[in-house]
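Working notes, structure below.
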Amino acid sequence: MITTWGYEMSRFYLKWNLTSSATPSDPEQRAKLWLSMLEMVKADMKAGKLKDWGMCNNGYSGYAIYEEANDADLFTSLLKWMPNVTFDAKPVLTVDETIAAIKKAVPQARETDRRRDR
């Protein structure tokens, strides 16, 4: 969890893909759609929910880092992109959360080993 403006937030790594069937074949319409979606990206970044965003040089996929309170809030935020974009979202830990999890796991592993060795 990350604390943002006093609220506990989860961070999510999203791998995204443009949906070819929802992308206009006309180059002018396609450019208009892409530019409007990029304005939405900029708005989410300005609002602080979207922490990082990038597009791969293949022209149809990329990644994003979102902060939301929970999975349901992330889903709500992503609905505006559908059907033009599909997502593979995974919650991620900060380095401090990873360290804490490892430290918590060590005593549990020792206890498991101790029980097994009896």
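The values are calculated or read from the model by the stated rules, or taken from the named source; none is laboratory data. All figures in this text were calculated on a predicted structure; none of them were measured in a lab. FYI the Cβ positions are ideal-geometry reconstructions off the backbone, even for glycines, and counts take in every protein chain you see.
Okay, here's what the table says:
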{"read-out": "Qualifying residues in the stretch 1-17 (those that are hydrophobic (A, V, I, L, M, F, W, C) and modelled with pLDDT of 95 or more) - the one farthest from ALA69 (Cα to Cα)", "value": "TRP16"}
{"read-out": "Within the stretch 29-51, considering residues that are over 12 Å from the mean Cα position of the chain (by Cα) and of a type in the set (D, E, K, R), the one surrounded by the most Cβ atoms within 10 Å (Cβ to Cβ)", "value": "ASP44"}
{"read-out": "Within the stretch 52-70, tally of residues that are in contact (Cβ under 8 Å) with a residue 40 or more places away in the chain, surrounded by fewer than 16 Cβ atoms within 10 Å (Cβ to Cβ) and within 13 Å of the chain's Cα centre (by Cα)", "value": "4"}
{"read-out": "Test result for ALA101, surrounded by 10 or more Cβ atoms within 10 Å (Cβ to Cβ), among the small types (Gly, Ala, Ser) and not in a helix (DSSP H, G or I)", "value": "no"}
{"read-out": "Pairs, first modelled with pLDDT of 90 or more in the stretch 92-104, second of a type in the set (D, E, K, R) and surrounded by 10 or more Cβ atoms within 10 Å (Cβ to Cβ), C-beta under 9 Å, six or more apart", "value": "VAL92/ARG11; LEU93/ARG11"}
